[in-house]
Amino acid sequence: PQAFRNDLIEAGWKIGRSPIYHTVTAADGTVKLLLKLEDNRLIETVGIPVEDEKGSMRLTACVSSQVGCPLRCSFCATGKGGYSRNLQRHEIIEQVLAIEDIFKHRVTNVVFMGMGEPMLNLKSVLDAHRCLNKDVQIGQRMITISTVGVPNTIKKLASHKLQSTLAVSLHAPNQKLREMIVPSAKSYPLDAIMKDCRDYFAETSRRVSFEYALLAGVNDSVEQARELAELLHEWGRGYHVNLIPFNPIEGSEYRRPNKKTVSAFAGALESRKITVSIRQTRGLDASAACGQLRNNFQKSPLIIESDREESQSDVAVAC
């Protein structure tokens with residue numbers, strides 16, 4: 001109510017949500033938003049609508065957990081844009097609400113797969129998860145928390161016994177290659193992360209999903225698919241692999257594999273009884289790769305109007 005809002009303002013509280021700074025809509029209906037935070041930093045969130053045969057729509061919000069990311073995976077646009085800070089609980093929740101406003105439709109699914117490493121901001125992520133579940137009324141099983149792997153955090157997440165999906169960004173079937181693609185893997189060996197995933201399943205009875213970004217000529221051969229299958233069989237059962245053909249980003253040495261290569265990789269896993277899905281690429285014409293749109297607009301906090309007169313040299317926005 002307006003009177004309540006007025007009382008909050010008079011008491012010194014700030015109300016309202018972060019404004020939308022920029023919007024890009026892809027031909028397939030995917031919408032990517034840049035939200036401008038109170039400290040003038042920009043974050044991305046994505047709304048992905050999918051309509052089934054009956055005409056009902058599943059609307060997924062892909063949300064960020066940090067401003068940028070400190071882990072700097074070699075193929076990721078977010079890491080190339082640097083890291084600023086963790087997001088607070090309300091800054092995560094308002095991304096979902098912004099997607100609902102844009103689509104005039106309830107968000108049905110939330111994936112913590114936007115900018116940042118959720119496990120490095122686990123407290124805020126869990127607080128936001130609780131609010132999205134209890135207050136926004138999105139079922140726990142409709143929420144996915146993704147991680148590239150941070151020591152001791154999968155165990156911590158397992159202790160909360162959530163019914164949400166844990167998605168681990170694997171991207172390689174062996175330690176040597178994984179270190180090349182994911183530099184942080186040096187501090188969290190593959191055997192250790194696989195053991196934690198096995199323990200997570202034992203603790204929660206929830207199947208772990210493995211994200212695998214396919215990079216042409218790097219990790220997409222049939223031999224590497226067989227090696228991946230052996231790794232998963234060694235560490236348990238019930239695993240699922242989500243294959244993600246690489247989204248091209250400016251300045252990257254990586255390329256997107258062709259459809260034949262993707263199908264062969266998936267087939268090699270399926271023939272070894274590994275459940276596989278191939279992620280449908282959405283929003284290619286809307287800077288699809290995570291962090292890509294934000295990097296087009298911001299390398300450092302946006303300058304505010306009161307500062308503009310003091311220093312034109314600090315402007316870092318390229319429209």
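Taking the range 202-233, which residues are at pLDDT 95 or above, touching a helix residue (DSSP H, G or I) at 6+ places or on another chain (Cβ under 9 Å) and in a helix (DSSP H, G or I)?
Matches in the range 202-233: Val222, Glu223, Gln224, Ala225, Arg226, Leu228, Ala229, Leu231, Leu232.
Looking at this structure, is Lys36 open to solvent by less than 50 Å² (accessible area, probe 1.4 Å), under 20 Å from the mean Cα position of the chain (by Cα) and among the basic types (Lys, Arg)?
Spelling it out, it is not the case that Lys36 is open to solvent by less than 50 Å² (accessible area, probe 1.4 Å), under 20 Å from the mean Cα position of the chain (by Cα) and among the basic types (Lys, Arg).
Hey, can you tell me all the residues within the range 49-65 that are touching a helix residue (DSSP H, G or I) at 6+ places or on another chain (Cβ under 6 Å) and small (Gly, Ala, Ser)?
Ala61, Ser65, listed by residue number.
Of everything in the range 222-276 that's among the charged types (D, E, K, R) and within 23 Å of the chain's Cα centre (by Cα), which residue is most open to solvent (accessible area, probe 1.4 Å)?
Here the answer is Glu250.
Limited to the range 234-270, what total is found for residues that are assigned to a helix (DSSP H, G or I) and of a type in the set (A, V, I, L, M)?
5
For the range 7-26, how many residues meet the condition of being of a type outside the set (Val, Ile, Thr), assigned to a loop (DSSP other than H, G, I, E, B) and without any contact (Cβ under 8 Å) to a residue 24 or more places away in the chain?
So the count comes out to 5.
Please tell me if Asn121 is out of contact with any Pro (no Cβ under 7 Å at 6 or more places or on another chain), surrounded by fewer than 17 Cβ atoms within 10 Å (Cβ to Cβ) and in contact (Cβ under 8 Å) with a residue 24 or more places away in the chain.
no
Do you know which residues across the range 58-108 are open to solvent by less than 30 Å² (accessible area, probe 1.4 Å), at pLDDT below 95 and either over 14 Å from the mean Cα position of the chain (by Cα) or aromatic (Phe, Trp, Tyr) (or both)?
Answer for the range 58-108, where residues must be open to solvent by less than 30 Å² (accessible area, probe 1.4 Å), at pLDDT below 95 and either over 14 Å from the mean Cα position of the chain (by Cα) or aromatic (Phe, Trp, Tyr) (or both): Ser74, Gly81, Gly82.
The values are calculated or read from the model by the stated rules, or taken from the named source; none is laboratory data. What you see is a predicted model; the values in this text were computed from it and never measured. Using ideal geometry, Cβ is built from the backbone for each residue, glycine included, and neighbour counts are taken over all protein chains shown. The area values use the complete protein model at the heavy-atom level, side chains included, leaving out ligands, DNA and RNA. Shrake-Rupley method; radii C 1.70, N 1.55, O 1.52, S 1.80 Å.
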